[in-house]
There are 2 protein chains.
Amino acid sequence: MDSILIHANTHTYPVYIGENIRFQLQELLPKSYDSILIITDDHVARLYLDDLSNSLEGSSVHTAIIPAGEQSKSIHSFYELHSQAIRYGLDRSSLIIALGGGVVGDVAGFVAATYMRGIDFVQVPTTVLAHDSSVGGKVAINHESGKNLIGNFYSPIMVLYDVSTLHTLPLKELRSGYAEIMKEAFLADEKLLWDVMELDLTHNDNYERIRHLEKGIQIKANTVEQDEKEAGKRKFLNLGHTLGHAIEAELGYGSITHGEAVAIGLLFAIDVSEKEYAINLHADKLFTWLTNNHYPLNMDNVCIEALLKRMKMDKKATNQRIQMVLLEEMSKPVLIEIEDTTLRSYIESFFAKLQNWYGH
Amino acid sequence: MDSILIHANTHTYPVYIGENIRFQLQELLPKSYDSILIITDDHVARLYLDDLSNSLEGSSVHTAIIPAGEQSKSIHSFYELHSQAIRYGLDRSSLIIALGGGVVGDVAGFVAATYMRGIDFVQVPTTVLAHDSSVGGKVAINHESGKNLIGNFYSPIMVLYDVSTLHTLPLKELRSGYAEIMKEAFLADEKLLWDVMELDLTHNDNYERIRHLEKGIQIKANTVEQDEKEAGKRKFLNLGHTLGHAIEAELGYGSITHGEAVAIGLLFAIDVSEKEYAINLHADKLFTWLTNNHYPLNMDNVCIEALLKRMKMDKKATNQRIQMVLLEEMSKPVLIEIEDTTLRSYIESFFAKLQNWYGH
Ligand SMILES: NC(=O)c1ccc[n+]([C@@H]2O[C@H](COP(=O)([O-])OP(=O)(O)OC[C@H]3O[C@@H](n4cnc5c(N)ncnc54)[C@H](O)[C@@H]3O)[C@@H](O)[C@H]2O)c1
Ligand SMILES: NC(=O)c1ccc[n+]([C@@H]2O[C@H](COP(=O)([O-])OP(=O)(O)OC[C@H]3O[C@@H](n4cnc5c(N)ncnc54)[C@H](O)[C@@H]3O)[C@@H](O)[C@H]2O)c1
Ligand SMILES: [Zn+2]
Ligand SMILES: [Zn+2]
């Protein structure tokens, strides 16, 4: 079992990562708790809830199960989870454990952040994508008008990442999580990049996954920690997300995973970077890797105008121009502002290129 | 205009206090904002909303009005206020202003704390009680099972306390706020105590109110700041609240104000302290002051068993015994744990004393 220390604003916490470590939860907890509430979704409950609750002795352990899927990041689930926490008699010194992917982590984390103004919270991620949410302290639910609009910054006191749980993860969820690892590799670790490029997602083993997840977590942690000093660095983590978010929203959440959309956005950002800075970032190799691993890349029926509209809606968050992360060179991200018209022509030629690539 | 600096965990902020300073809001803001949302209730909106929004130039100012009263501290209002913030296009660099009493401050503060994971927040208190919420960073909404169960610690960037707005405050709300000032005086400032004892609530002027509010705010600030070093000091602020909360809940929120219930609880805590420590804390003078100012003290129809049950429900928050703050001597609070049976006999003799006092 390895561990990585994360330095959050409020406190430092360990991310433990290893094989079958879910059975060691009890001994890894920094203190004992009278009452514990495990929050999980109905898919994960069937697979790992017993393992986890059986490994907790001496506490009264309660469970709350939400339906799997993004729709559980709602104000309704949020309030209902509070009701359950109250019903089970949780108090200020109780613990909430989030067992599951990013959805469970985000909603359970926000419940922990707000229950009696904040109680302890442990994350037990069971997806690859959730490595991303184990650092940075973002917890949130969705508003009907947009994702993650209601939330807090609230870090767990510990993360227990048992990669053995990833064996039951559907392939499209593996793809989703590995797109973010690929993004992190482009941002900061070329060695990781070539390592993942060799990977067949259907065949990788625990040992490889531990290595990739650790590097991903470390890259995110470095970026977030640096951001406290150099404001803005955190935005680099949006590499691939300008177009990615728009595609995700346009195709409808659920029809494509977050990471699958980010994969397309990443390929686009690499393609634009190659043109802007006249460099070779191996967009073609990334494309090959994505197709070999069956990422959905067909954009034939996606309307570019609609995507642009969504990106413009997003931009409100800062000012009047769309922001995008590019790579000046490998491992050297830059944040640029881009005109609508320039962006449109980039997307047009990228979509044409995708069709072309497919043509082969 | 005076100002008091409050040292919160996350940042230091000023509480400005003075006459008619609501018109100076713009110049007192530490920076300018593109978008501002003023949240207020329908009583206060009629009286002071125009003053405030007119004093803000150069920003686009939006307003959201919630119904006056505790029922607006609901998950429903919370979500609805988020909807309005989104509709008005607020972003991460926008400002929320809470104009009103503790209800508006608590719900608007919680919206600010959670909108896009936290945006700037200014409090403009218009009740005496809200001096209490201008320090300590507690923001919350209620759950149907209990008050303030869902919330955060989130401090404003500035508080603007215009005592001129207190002239329209109903007398029972003045009583409510002054009960907390009386509590603070017993906790830490005997001079303030005798000062307030001289006061006829229907006749005090701005100058006196500024003095009392400043001292109250300072006492709360000192206690909260010390609590970071000496955990537990913050609990002293619960003087009068063990019985107070139970009375408030038992009589039904709305039929008696928070402070009116605390006033009875305070008198009780002083009475018990006098017996426990064989000292004179002038319970009789406090009783006289409360009756002269028409605080409701008649407990004839209140069931002691029901009160005890509520106090026991409260105690879950810590452990198996009811906690209560007493005074060992003037300005020397102590936290004790008390047996149900002892507590019952204290309440019985206190209620008998109240009847007796009334008899004269
Ligand atoms: N807080 C952050 O910093 C952050 C970062 C990235 C993403 N997110 C959020 O994370 C969410 C997406 O996370 P996700 O991709 O993990 O989605 P998810 O939690 O919905 O999990 C994906 C699916 O896999 C199932 N599943 C989870 N673990 C499994 C396992 N071990 N075996 C079999 N099935 C399993 C789930 O039940 C679900 O159906 C989004 O809401 C996103 O906003 C948050
Ligand atoms: N956050 C904290 O630390 C803290 C501390 C104490 C109390 N509180 C909370 O504060 C709330 C009670 O606060 P409150 O007593 O100010 O109640 P409130 O906000 O309901 O105000 C009382 C009434 O007075 C009206 N009003 C307010 N200002 C007025 C004015 N200037 N002129 C005329 N009418 C006016 C309001 O519309 C309301 O009807 C409770 O919900 C309590 O939990 C919070
Ligand atoms: Zn992402
Ligand atoms: Zn109070």
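The values are calculated or read from the model by the stated rules, or taken from the named source; none is laboratory data. Bear in mind that the values here come from a model prediction, so they are computed numbers and not experimental data. Using ideal geometry, Cβ is built from the backbone for each residue, glycine included, and neighbour counts are taken over all protein chains shown. Ligands, DNA and RNA are stripped out before the accessible areas are found, and what is left, the full protein with its side chains, is counted by its heavy atoms. Shrake-Rupley method; radii C 1.70, N 1.55, O 1.52, S 1.80 Å.
Taking (1) away from chain B (no Cβ under 14 Å); (2) modelled with pLDDT under 95; (3) within 11 Å of ligand 1 (Cβ to nearest atom) in turn, residue A:203 satisfies each apart from (3). Restricted to the range B:131-148, and to residues there that are farther than 24 Å from residue B:212 by Cβ and open to solvent by 30 Å² or more (accessible area, probe 1.4 Å), the residue that is farthest from the other protein chains (Cβ to nearest Cβ) is B:147.
Quick grid of which residues meet (1) within 14 Å of chain B (Cβ to nearest Cβ); (2) within 16 Å of ligand 4 (Cβ to nearest atom); (3) of a type in the set (Lys, Arg); (4) under 19 Å from residue A:335 (Cβ atoms):
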{"position": "A:189", "(1), (2), (3), (4)": "no, no, no, no"}
{"position": "A:194", "(1), (2), (3), (4)": "no, no, no, no"}
{"position": "A:207", "(1), (2), (3), (4)": "no, no, no, no"}
{"position": "A:212", "(1), (2), (3), (4)": "no, no, no, no"}
{"position": "A:215", "(1), (2), (3), (4)": "no, no, yes, no"}
{"position": "A:220", "(1), (2), (3), (4)": "no, no, yes, yes"}
{"position": "A:228", "(1), (2), (3), (4)": "yes, no, no, yes"}
{"position": "A:232", "(1), (2), (3), (4)": "yes, no, no, yes"}
{"position": "A:239", "(1), (2), (3), (4)": "no, no, no, yes"}
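Would you confirm whether or not the range B:73-92 contains a residue that is at pLDDT below 95 and open to solvent by 30 Å² or more (accessible area, probe 1.4 Å)? Yes: the range B:73-92 contains one or more residues that are at pLDDT below 95 and open to solvent by 30 Å² or more (accessible area, probe 1.4 Å). I'd like to know if the range A:10-22 contains one or more residues that are at pLDDT below 95 and open to solvent by 20 Å² or more (accessible area, probe 1.4 Å). Yes: the range A:10-22 contains one or more residues that are at pLDDT below 95 and open to solvent by 20 Å² or more (accessible area, probe 1.4 Å).
Pairs linking a residue in the range B:239-263 that is under 17 Å from residue B:338 (Cα atoms) to a residue that is of a type in the set (S, T, N, Q) and more than 16 Å from ligand 3 (Cβ to nearest atom), with Cβ atoms under 9 Å and 6 or more positions apart or on different chains, are B:242/B:323; B:244/B:238; B:245/B:238.
Give me the residue from the range A:103-117 that is open to solvent by 10 Å² or more (accessible area, probe 1.4 Å) and under 19 Å from the mean Cα position of the chain (by Cα) and, out of that set, farthest from the other protein chains (Cβ to nearest Cβ). Per the stated criteria, the residue is A:103. For the range B:92-114, the count of residues that are more than 30 Å from residue B:225 (Cβ to Cβ) and not charged (D, E, K, R) is zero. Just one residue in the set B:120, B:51 is more than 11 Å from chain A (Cβ to nearest Cβ), more than 19 Å from residue A:145 (Cβ to Cβ) and within 16 Å of ligand 2 (Cβ to nearest atom); that residue is B:51.
Name the single residue, out of those in the range B:51-80 being under 22 Å from the mean Cα position of the chain (by Cα) and in contact (Cβ under 8 Å) with a residue 40 or more places away in the chain, that is nearest to residue B:252 (Cα to Cα). This residue is B:70.
Pull out all pairs, ordered by first then second residue, where Cβ-Cβ is under 6 Å, the residues are six or more apart or on different chains, the first lies in the range A:29-42 and is free of Cβ contacts under 8 Å to residues at least 60 places away in the same chain, and the second is away from ligand 2 (no atom under 16 Å from the Cβ). Partner pairs satisfying both residue conditions: A:42/A:65; A:42/A:67; A:42/A:68. Filtering the range A:203-222 to residues that are open to solvent by 20 Å² or more (accessible area, probe 1.4 Å), without any contact (Cβ under 8 Å) to a residue 40 or more places away in the chain and not acidic (Asp, Glu) leaves A:203, A:207, A:211, A:215, A:222.
All told, residue A:173 falls short of being away from chain B (no Cβ under 14 Å), away from ligand 1 (no atom under 11 Å from the Cβ) and open to solvent by 10 Å² or more (accessible area, probe 1.4 Å).
Just one of the numbered conditions (1) among the basic types (Lys, Arg); (2) within 14 Å of another protein chain (Cβ to nearest Cβ); (3) crowded, with 24+ Cβ neighbours inside 10 Å is not true of residue B:183: (2).
Kindly evaluate residue A:125 against the criterion of being free of Cβ contacts under 8 Å to residues at least 60 places away in the same chain and either more than 8 Å from every other protein chain (Cβ to nearest Cβ) or in contact with a Cys (Cβ under 7 Å, 6 or more places away or on another chain) (or both). Criteria met by residue A:125. Just one of the numbered conditions (1) within 11 Å of ligand 1 (Cβ to nearest atom); (2) modelled with pLDDT of 95 or more is not true of residue A:113: (1).
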